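Here's the structure, in structure tokens; my notes come after.
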Amino acid sequence: MQIETTKKIMSENVLTEEKRKSLNFIEQMIESDLAAGRNDGRVQTRFPPEPNGYLHIGHAKAICLDFGLAKKYGGTCNLRFDDTNPSKEDVEYVDSIQEDIKWLGFQWADVYYASDYFQQLYDFAVRLIQAGKAYIDEQTSEQIAQQKGTPTQAGTESPFRNRPAAESLDLFRRMNAGEFEEGAMTLRAKLDMTSPNMHFRDPIIYRIIKTPHHRTGTQWKVYPMYDFAHGQSDYFEGVTHSWCTLEFEVHRPLYDQFIDLLLDEFGKGDDGFDRNKVYDNYRPYQTEFNRLNLTYTVMSKRKLLQLVQEKIVSGWDDPRMPTLCGYRRRGFTPESIHNFINMIGYTKYDGIIDVALLEHAVRDDLNARANRVAAVLNPVKLILTNYPEGKVEMFDSVNNPEDPSAGTHPIAFSRELYIEKDDFMEDAPKNYFRLTPGQEVRLRCSYIIKCTGCQKDGNGEITEIYAEYMPETKSNMPDCNRKVKGTIHWVSVAHALPAEVRLYDRLFRVENPLEEKDTDFREFLNPDSLKILTNCFVEEELKNARPLEHFQFQRVGYFNVDPDSRDGKLIFNRTIPLKDTWNKVKGK
């Protein structure tokens, strides 16, 4: 009995170790925290975007982490807007951020704003001034930067560092009353001007901003800096695990320092603040992970805003943009983004991910879910000279061969069809297996035909192609298995719907548009990132297609219906080609 019990314990330990190896370092940390009873066994996270732009694919990585792990470990994740800089923020961005999070399939427990805590943060700053731990500095930003020193050279103290607390407090209150102009004064924490960590060299914690706030209006004229507001907001809300990207790793000691100061000044559970929740035996902890960088992509909000303002793209939701609303409009699915994030994982090392991996995730997901339809993007008329005039047949077209339950839909066949110009060549090379005089091909899900010739206009352009169909080769008939080397798609001229097709491609033509520091990133824009085709035809099945609905255009790629579509005007966006043409061009 003792032996069996020992075997069971050993087996459980092995499984636990195997499970641990499958977890990323953040999951391992959470499980260690839970095992140790840290923060009373709670897992509470937050996603804290600044509402100064639209979310991009890099934010999706943080969203999946914050919301996904809170759900996995039975915790909660709140949405908190870091709205501490009204000069760059707008309600438009607040609304778009919420829409994008929902699109990814997540729902927050509560919505908070850093501005909810402006009074608490202001009171904390006042207490620091009174305790001699903060002072008003009247130096310019350039002077402050210069006297901070370098990573290898200690900084020099501000001439205002030992200003009397009462004087600093009076000036701070007058700053908030609007008596001084922006940039005239700042409030700095009195920490350590000799610290090897530059962020400890008396960081600015408040500055003057006179732009009205989208929530608080003109109530405040002083606003807290990120490093001062972020950790305290985490503390006020009861956040246990505060995750940031690696560039904030050097900020973590300051994050901890300000929380220590908060606890020293007010005491745990007795801070005098009107918080939503108070927890005993609690403090938040910050952990950093690698940010998402993609090839052929720029994800700087400032540069993305530049693209929008200069009308290089049509807006934040331009399908060439790396924004979540841009990907959504282009036809990417939430599932494909989740799968991509799972593939790349979370580490402590920054790098750059090949965007082909994201495209593979999208292609793989759409292959499983998108119905197949016929669309001709560069049409030429094909006339079956021996097919009866006025006759129309309906063939069954398989919706999705990857999903038998998807069924079929009818497609009309007639004497005159549209086919792709590229599917015909008058003088074809030996290994050309599409339409050419004297050669046979199969028209998808219908008949085998034999090309008999073509007609040209005065410029030598082919206007019509002629062929004869073979009735005995109809799909599902005894002779339908007759072998031909080529199969092409088509739409019936009488039943085709006109459509506009927008062929989107990568916005930049080089892998790292920001690699050359002295070169304007706009010089690397891909001139072929958008081609608009206005003379396209799609099959009748698409007449009731809904905005953002996904399809595979047979032999072409994956497309979705653009929201610009209206009755009588179908517009499709190319989501992704069927194959990775970029790596083929590069010889990979």
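The values are calculated or read from the model by the stated rules, or taken from the named source; none is laboratory data. Source: prediction; values computed, not measured. No Cβ is skipped: glycine too gets one built from the backbone with ideal geometry, and neighbour counts run over all protein chains shown. Side chains are part of the model used for accessible areas, which takes the heavy atoms of the whole protein and leaves out ligands, DNA and RNA. Shrake-Rupley method; radii C 1.70, N 1.55, O 1.52, S 1.80 Å.
Observations, loosely collected:
- Stretched out straight at 0.36 nm per residue, the stretch from Asp90 to Ile462 would grow longer than its current Cα-Cα span by 128.5 nm.
- The stretch 375-501 - percent relative contact order, Cα under 8 Å, separation 6 or more: 29 percent
- Straight-line cross-link reach from Lys456 at under 15 Å between alpha-carbon atoms covers these aspartates and glutamates, not counting any fewer than eight positions away in the same chain: Glu426, Asp427, Glu464.
- Just the protein heavy atoms count here, and of the accessible area of the chain at 1.4 Å, carbon and sulfur take up 48 percent.
- Length gained on full extension, Arg163 to Glu181, computed as 0.36 nm times the residue gap minus the Cα-Cα distance: 4.4 nm.
- The chain - percent relative contact order, Cα under 8 Å, separation 6 or more: 11 percent
- Förster-model FRET efficiency, 25 Å R0, Lys102 and Asp354, C-beta, rounded to 0.05: 0.30
- Rounded to the nearest 500, the 222 nm mean residue ellipticity of the chain from helices alone is -9000 deg cm²/dmol, with -39,500 (n - 2.57) taken per DSSP H run of at least 4 residues.
- The residues of the stretch 95-206 expose, per residue, 46 Å² of accessible area to a 1.4 Å probe.
- For a straight C-alpha distance cut-off of 17 angstrom, the aspartates and glutamates reachable from Lys430 (same-chain residues fewer than eight places away being disregarded) are Asp422, Glu440.
- Within the chain, percent of DSSP bridges classed antiparallel, to nearest 5: 70 percent
- Computed FRET value (nearest 0.05) for Ala406 with Tyr226, which takes r as the C-beta separation and R₀ as 56 Å: 0.70
- All C-alpha pair distances within the chain, sorted into 20 Å bins from zero, spread as 16, 39, 27, 14, 3, 0 percent across the bins.
- The stretch 290-378: radius of gyration and largest Cα-Cα distance (Dmax), Å: 14.9, 48
- For the stretch 357-443, the per residue solvent-accessible surface stands at 46 Å², with DNA, RNA and ligands left out and a 1.4 Å probe.
- For the pair Thr156 and Thr385, the difference between a 0.36 nm per residue extended length and the Cα-Cα distance amounts to 73.3 nm.
- Accessible area per residue for the stretch 275-335, computed on protein heavy atoms with a 1.4 Å probe, is 37 Å².
- Packing here is the average count of other Cβ atoms within 10 Å per residue, and on that basis the peptides 187-197, 31-41, highest first, run 187-197, 31-41.
- The stretch 507-583 shape via C-alpha gyration tensor axes, a/c threshold 1.5: prolate
- For the cross-link pairs Lys210/Lys517; Lys391/Lys531; Lys483/Lys579; Lys72/Lys348, the ones whose C-alpha atoms lie over 29 Å apart are Lys210/Lys517; Lys391/Lys531.
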